[in-house]
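The values are calculated or read from the model by the stated rules, or taken from the named source; none is laboratory data. Bear in mind the structure is a predicted one, so any value in this text is a computation, not a measurement. We place every Cβ from the backbone using ideal geometry, glycine too, and count neighbours over all the protein chains shown. Protein only, heavy atoms only, side chains kept; ligands, DNA and RNA dropped before computing areas. Shrake-Rupley method; radii C 1.70, N 1.55, O 1.52, S 1.80 Å.
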Amino acid sequence: KEDNGVKLVDPLGEMLHPSWEEYATQLANAEEQELQKVITEICQKAAVNLHKDASVFIGRDTRPSSKKLSQSAIDGVQVLGGQYHDYGLVTTPQLHYMVCCQNTQGQYGKATLEGYYEKLSKAFMELIKQSQCSGEFQRHLKIDCANGVGALKLSEMKPYFPQEVLIHIYNDGTKEKLNHLCGADFVKVHQKPPGGLDMKPNERCCSFDGDADRIVYYYKDTAGHFHLIDGDKIATLISIFLKELLAKVKQNFKMAVVQTAYANGNSTRYLQETLKVPVHCVKTGVKHLHHKAQEFDVGVYFEANGHGTVLFSKAAETKIRQLVKEEKDNEKREAAKMLENMIDLINQTVGDAVSDMLVIEAILALKGLSVQQWDALYTDLPNRLLKVQVADRRVIDTTDAERRALTPPGLQEKIDALVKKYKLSRAFVRPSGTEDVVRIYAEADTQENADALAHEVSLAVFHLAGGKGAPPQP
C-alpha cells in the first residue's frame, strides 16, 4: 500500500499516448515557481484550445493515501477552471470504461457503475444461455481480491450475476493489507496459492491484482501440486474460442495474438503450430501490446502476468452486429451472436480482471471444459525470473522486441553461448523501466536447467554490465 501509483487515461479510455508521457514527466519535475510556464509551453506545443471546456474524470482505490491525492487532483482541475466528475472508489478498468462511455456519447455504454455492471452481466447471461448445459450446473469460483478495490466492486456486482455463478470472495481488505502475501503478482512470482484462501483439489480459483486490471487462474491437483494458469494460457483459451466462431461466420477477419518476450515458449509454439494463429512479439508494457493489437480485425493480447484484453476493429464489430440482424443461415447467425456478446463482455479499453474473469467463465461453460482440461492444452516450459542490481541500467540497450542485447559489448554473445548448453532453452535480459536493475528471464527443458541458465546469465550481466554489491549466488 506504500507504493503510490497514478494512472492517466486518454480520452477514449486507452493508455496515454507516448508523446504525452514526456509532458507528464516535465510537469512532475517542474519546480513550483515554474509550473505555470511549463503548462503554458505544453499548451502551445500540443496546440491545446484554451477556450474549450475541459472535463476530467477521477477515481481512486482503497489505499489510505488515495483520498488526499484525489482531492489534490480535484483542486487542480478547479483552479484551472475545468469541470470534474469524481467517481470515488472504482477499479482502474472501471475508470477507463467511464471515460470511454463519456467521450463516445454513450455509444460504448452508460457512464455509471450500474451501466458497467449491467452491460457486462447482460452479455455474460446471453452467452451462457447459448451453452448446452445451462441451468443444471452451478459453477463455483474462489476469487482472491488482493485486499484491493476489486473486492468492493465484485460485492456490488454480485446481485447482477446469474444463479449458476457462485463467486466466493477472499482477501476482501477487511483484515489484511493490500497485496500482502496475496494477489495476482504474488501468485505468479511465487508460483503458490495466496494466503487467506483455502484450496480443495481441482477447485477453480483466481487472483486479481490490487486495482483489478490483472488476473491469473490456478488450482491444486489431487496429489496436492499447484498449477498456475497465467496470461499466456488465458490468451490461448480465448483464441481457441474466437477462432472457432470466426471460422463459422465465414468473414475474412484477420486475427492475431500479441505477446511479449516473457510469454512461455510453449504457448507461442501452440498458438502458431497447433492453432495456426499468427503471433507477434512486442516490447514489454501494455501500451506496446495494445497498439499492435489495434492493427488486426481481432487482436488478442495478454502479458504473462495476466494483464490483457481483446480488441475488435470498428469494421469487424459493425459487420458482426449486422450479421446478427440480417444473416439467414442459423449457424452463422448464432456464431455472430456469440461474437457480439463477446464484444460487449470484453472491456476493450484496457485489461480488466472482472471482465476477463467473466469471459473465461463463459468460455469454460460453453466448451464444457474443466480447469484441468484447460491447463492441459500445453505444458509450460520451466522458467526462472531473476534480477541483478547494476550501477546504471542504461548501459543495457536491446533490440528485436527486447529479445537481444545490443550493449554492453559481448553480453549477447555470452548469452547465446550459454543458451546452446541447454535443450529447448532461451534467455534474454532487459533493463527495468523504473529502477537500476536488470531483469533476466530464462527457460529450458527442466526446472534445474532453467535455474542454472538464469544464474549463469545473471553472472554475465553482473560482470559485463556493472553489477553492484556481491555477485549473484545460485
Sequence-distant residues sharing a close amide H with Phe302 (under 5 Å, placed H): Val258
Cα centroid separation - the range 73-124 against the range 20-70, whole Å: 19 Å
Kirkwood Rh and Cα Rg combined as Rg/Rh, the range 219-347: 1.02
Residue by residue through the range 290-306, which ³J(HN,Hα) values in whole Hz follow from phi under the Karplus form 6.51 cos²θ - 1.76 cosθ + 1.60 (θ = phi - 60°), with glycine and proline marked x? 4, 4, 5, 4, 5, 7, 10, 5, 10, x, 9, 9, 8, 7, 4, 6, x
Rounded to a whole number, what % of the accessible area of the range 410-474 do carbon and sulfur atoms account for, probe 1.4 Å? 55 percent
With +1 assigned to the C-beta of every Lys and Arg and -1 to the C-beta of every Asp and Glu, and no other charges, what is the dipole magnitude of the chain about the Cα centre in debye, to the nearest 20? 720 debye
Just to confirm, what accessible area per residue do you get for the chain at 1.4 Å probe, in whole Å²? 49 Å²
From highest to lowest solvent-accessible area (probe 1.4 Å; ligands, DNA and RNA excluded), Tyr170, Tyr23, Tyr117 read Tyr170, Tyr23, Tyr117
Over the Cα atoms of the range 111-380, what is the Rg over Rh ratio if Rh follows Kirkwood? 0.95
Which ³J(HN,Hα) values in Hz, rounded to whole numbers, follow from the phi angles of the range 315-320 under the Karplus curve 6.51 cos²θ - 1.76 cosθ + 1.60, where θ = phi - 60° and Gly and Pro get x? 4, 5, 4, 4, 5, 5
Quickly rank 209-216, 345-352, 152-159 as a protection proxy: mean count of other C-beta atoms within 10 Å, highest first. 209-216, 345-352, 152-159
Kirkwood Rh over alpha-carbon pairs of the range 370-463 plugged into Stokes-Einstein at 4 °C, 1.567 mPa s gives a D in µm²/s of 93 µm²/s
How many percent of the alpha carbon pairs in the range 23-88 exceed a separation of 14 Å? 67 percent
Reference-scaled alpha-carbon Rg (2.2 N^0.38 Å with N residues) for the chain: 1.01
Could you order the peptides 46-56, 402-412, 120-130 from most to least packed, using the average number of other C-beta atoms within 10 Å per residue? 120-130, 402-412, 46-56
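So, with a 1.4 angstrom probe, what is the percent of accessible area on the range 18-89 that is carbon and sulfur?
52 percent
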For the range 418-460, diffusion coefficient by Stokes-Einstein and Kirkwood Rh (Cα), 25 °C, 0.890 mPa s, µm²/s: 231 µm²/s
